[in-house]
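See structure below.
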Amino acid sequence: MDVLTRMLSLDYILFCIFILIFTVVVGASAVFLRKPTNKKEDVPPKNETPAKYPYILTNSVFTPKEKLFYNSLKKITDELGLTVFTKMRIADLVYLPRNHPEYMRWFNYIKAKHVDFIICDNAHRPLLIIECDDKTHYRQSRKKRDEFVDEIFRQLNFKVIHIMTWNDTELKQLIFNLLNITTIEYKTEKG
């Protein structure tokens with residue numbers, strides 16, 4: 001009887017080990033063979049494409065304040081022979097080497113952020129970033145975003161200014177003074 005009990009115990013133990021191994025193998029297969037459900041797609045899957053997309057065209061790319069500021073800025077940049085671009089992504093102004101060990105992490109921080117205005121020379125080389133701030137910049141989340149963006153450009157010796165109010169004469173003088181500084185201190189790896 002003692003031997004039979006030992007054999008049953010051994011069979012029971014082997015059976016339990018088999019069930020455990022089987023469960024691990026099946027579970028691992030399910031994890032590795034399943035199609036990821038949280039993967040972000042560039043376009044909706046064919047089977048989820050509606051007959052009509054839910055998008056609506058905006059009336060203006062600017063807020064009313066940004067439009068007024070753009071009109072003032074455009075006069076100044078035209079007079080100085082410069083170009084002004086609007087709503088430019090930070091990822092179009094700076095780059096992260098693809099071989100950086102945390103490329104996606106750092107790229108994700110900037111991929112959807114933009115700056116309001118960027119002044120460029122005739123070769124489209126960035127000279128100055130201007131943020132046209134409004135009351136949303138008082139929110140804590142916006143302050144953190146502004147600090148992060150400002151620090152990126154500060155580390156690159158590139159000037160970002162935040163303007164809440166302006167008049168054309170003072171704005172022109174400010175831009176002229178700042179461009180003399182930023183064109184000297186500008187550093188880049190791309191050339």
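Assess whether Pro44 counts as being outside the structural domain of Phe176 (by TED's automatic domain parsing), part of a loop (DSSP other than H, G, I, E, B) and surrounded by 10 or more Cβ atoms within 10 Å (Cβ to Cβ). Reasoning before the result, please.
Numbers: outside the structural domain of Phe176 (by TED's automatic domain parsing): yes; part of a loop (DSSP other than H, G, I, E, B): yes; surrounded by 10 or more Cβ atoms within 10 Å (Cβ to Cβ): yes.
Yes.
Kindly indicate whether Ile90 is within 30 Å of Ile175 (Cα to Cα) and at pLDDT 75 or above. Break it down into steps so the answer makes sense when it comes.
Numbers: within 30 Å of Ile175 (Cα to Cα): yes; at pLDDT 75 or above: yes.
The answer is yes for Ile90.
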Extreme residue, farthest from the chain's Cα centre (by Cα), among residues of the stretch 57-114 that are surrounded by fewer than 13 Cβ atoms within 10 Å (Cβ to Cβ), within 22 Å of Lys135 (Cβ to Cβ) and touching a residue at least 24 places away in the same chain (Cβ under 8 Å): Val61
Top-ranked residue of the stretch 47-56 - restricted to ones that are more than 26 Å from Arg145 (Cβ to Cβ) and not hydrophobic (A, V, I, L, M, F, W, C), ranked as surrounded by the most Cβ atoms within 10 Å (Cβ to Cβ): Thr49
Flag for Asp150 being of a type in the set (D, E, K, R), surrounded by 16 or more Cβ atoms within 10 Å (Cβ to Cβ) and under 18 Å from Leu171 (Cα atoms): no
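The values are calculated or read from the model by the stated rules, or taken from the named source; none is laboratory data. Everything numeric here is computed off the predicted structure, so don't read it as measured data. When we count neighbours, we look across all protein chains shown, and the Cβ atoms used for this are built from the backbone with ideal geometry, even at glycine.
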